[in-house]
Amino acid sequence: MKNLIKAILCMAIVFVIYSPYAKAQHTPNSLNQPGYYHMALGDFEVIALSDGTTPQKLNELLTNAKPGEVERLLKQHYQASIIECSVNAYLVKANGKLILIDAGTSDVYGLALGHIAEGLNKAGYKPEQIDAILLTHIHMDHIGGLMNGDKIAFPNATVYISKIEADYYLNPANKAKAAEGAKRFFDGAEQKLRPILTAGKLRTFDFDGELFPGIIPIASFGHTPGHSFYVVESQGEKMLFMGDVLVSDAVQLPEPSVTSVYDYDAGQAAVTRKKALAEAADAGYWVGVSHISFPGIGHIRVDGKGYVWVPVNYSASGNGQ
Ligand SMILES: [Zn+2]
């Protein structure tokens, strides 16, 4: 009898795995992973949202490294030189407000990315519920999700960005002066941010205090001219959202001098990164990083002359400890 039950169970499992229904669940235009991870931060809640992953050639993307250094460090972390790079955004539930940090890519990079709204929906929220969006910087994988075609994707949200960043990328005169490879960032700003400005939903800031109780932007220039971190703090628990000042934990933590081809001012980006890593390691607060393996939440710990990434301990209840 037991064998009969086992045989029926096996047949059922085989049917589920190979049935057209099961295959329909794994279409490339939907997230095959849950796509969100939530944890408590004092009285606040932080929900990491996955926009998806995309292959990146780190040995070409990362610069200012000794010959062979990038490959050596990647190998040490069991990573190939082309890795599936996460694109993360973060929803912060603070004092009854829903605040999104960065907006993912929407339809810009094909079906593997553009899943913020899907993750948001799975986590139990709708785009129209979002009150505010805080942008770290104006690159397409952070601002793309602001617009779906010509429609504002988060219709009730006010979008916040540093004044330096908005003034730089929304000025056509700067595009004319920019290097050929950097002109697309200005096109991105026109496509995704200009409509928000026109609709009267863009607010710029000068790094002079809180945007919301417990939420402060921090000047962190270099990757872009007006790049912003966001500190989120509640009941003595603190998380620093670092945007793109750190791209690869495997390479840039042991070697913070390694820069990225996407940096506007690579030297300044390296200085900003070193300062941020030293402070995060010293104080031991949480960090949330856009392109570190989802959910991109963890701690920075000193390791020899550099640092090492300590990912959040998985917690089914979302306590995060
Ligand atoms: Zn960037």
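Some notes on this structure:
- Flag for GLY188 being within 13 Å of the ligand (Cβ to nearest atom), of a type outside the set (Phe, Trp, Tyr), more than 30 Å from TYR78 (Cα to Cα) and buried (at least 18 other Cβ atoms within 10 Å of the Cβ): yes
- Exactly one residue among GLY298, GLY243 is open to solvent by less than 40 Å² (accessible area, probe 1.4 Å) and assigned to a loop (DSSP other than H, G, I, E, B), and that residue is GLY243.
- When the residues of region 99-118 are filtered to those that are over 13 Å from the mean Cα position of the chain (by Cα) and crowded, with 17+ Cβ neighbours inside 10 Å, the one that is farthest from LYS57 (Cα to Cα) is ILE99.
- Of note, ALA269 does not satisfy the criterion of being farther than 19 Å from LEU49 by Cα and free of Cβ contacts under 8 Å to residues at least 12 places away in the same chain.
- Every residue from region 257-266 that is more than 13 Å from the ligand (Cβ to nearest atom) and buried (at least 21 other Cβ atoms within 10 Å of the Cβ): VAL258
- Which listed residue is away from the ligand (no atom under 16 Å from the Cβ) and either touching an Asp or Glu at 6+ places or on another chain (Cβ under 9 Å) or open to solvent by 60 Å² or more (accessible area, probe 1.4 Å) (or both), from PRO225, PRO254: PRO254
- Long-range neighbours under 7 Å by Cβ, at least six apart or interchain, first residue modelled with pLDDT under 95 within region 123-136, second of a type in the set (S, T, N, Q) and away from the ligand (no atom under 16 Å from the Cβ): none
- Boolean, LEU202 is touching a residue at least 40 places away in the same chain (Cβ under 8 Å), over 20 Å from GLY35 (Cβ atoms) and within 14 Å of the ligand (Cβ to nearest atom): no
- Flag if ALA269 is among the aliphatic types (A, V, I, L, M), open to solvent by less than 10 Å² (accessible area, probe 1.4 Å) and within 14 Å of the ligand (Cβ to nearest atom): yes
- Filter pass, LEU91 being assigned to a helix (DSSP H, G or I) and under 22 Å from MET242 (Cα atoms): no
- Residue check for ILE218: more than 16 Å from the ligand (Cβ to nearest atom), surrounded by 19 or more Cβ atoms within 10 Å (Cβ to Cβ) and modelled with pLDDT of 95 or more: no
- Enumeration of residues in region 134-159 that are more than 16 Å from the ligand (Cβ to nearest atom) and open to solvent by less than 20 Å² (accessible area, probe 1.4 Å): MET147, ALA153, PHE154, ALA157, VAL159
- The lone exception for TYR169 - which of (1) more than 17 Å from ILE133 (Cβ to Cβ); (2) more than 19 Å from the chain's Cα centre (by Cα); (3) within 16 Å of the ligand (Cβ to nearest atom); (4) open to solvent by less than 60 Å² (accessible area, probe 1.4 Å) it fails: (1)
- Look at region 61-83: where a residue is free of Cβ contacts under 8 Å to residues at least 40 places away in the same chain and a partner is assigned to a loop (DSSP other than H, G, I, E, B) and open to solvent by less than 50 Å² (accessible area, probe 1.4 Å), sitting 6+ places away or on another chain with Cβ atoms under 8 Å, you get GLU71/SER81.
- Of all residues in region 285-295 being in a loop (DSSP other than H, G, I, E, B) and open to solvent by less than 40 Å² (accessible area, probe 1.4 Å), the one that is nearest to ASP102 (Cα to Cα): SER290
- If the condition is being over 19 Å from ASP249 (Cβ atoms), crowded, with 16+ Cβ neighbours inside 10 Å and either more than 14 Å from the chain's Cα centre (by Cα) or of a type in the set (Asp, Glu) (or both), then region 58-98 contributes LYS93, ALA94, LEU98.
- Check on TYR262, touching a helix residue (DSSP H, G or I) at 6+ places or on another chain (Cβ under 8 Å), of a type in the set (Phe, Trp, Tyr) and in a strand (DSSP E or B): no
The values are calculated or read from the model by the stated rules, or taken from the named source; none is laboratory data. Because the structure is a prediction, the values reported are computed rather than measured. Neighbour counts run over all protein chains shown; Cβ positions are idealised from the backbone, glycine included. To get the accessible areas, we keep the full protein, side chains included, count just its heavy atoms, and leave off ligands, DNA and RNA. Shrake-Rupley method; radii C 1.70, N 1.55, O 1.52, S 1.80 Å.
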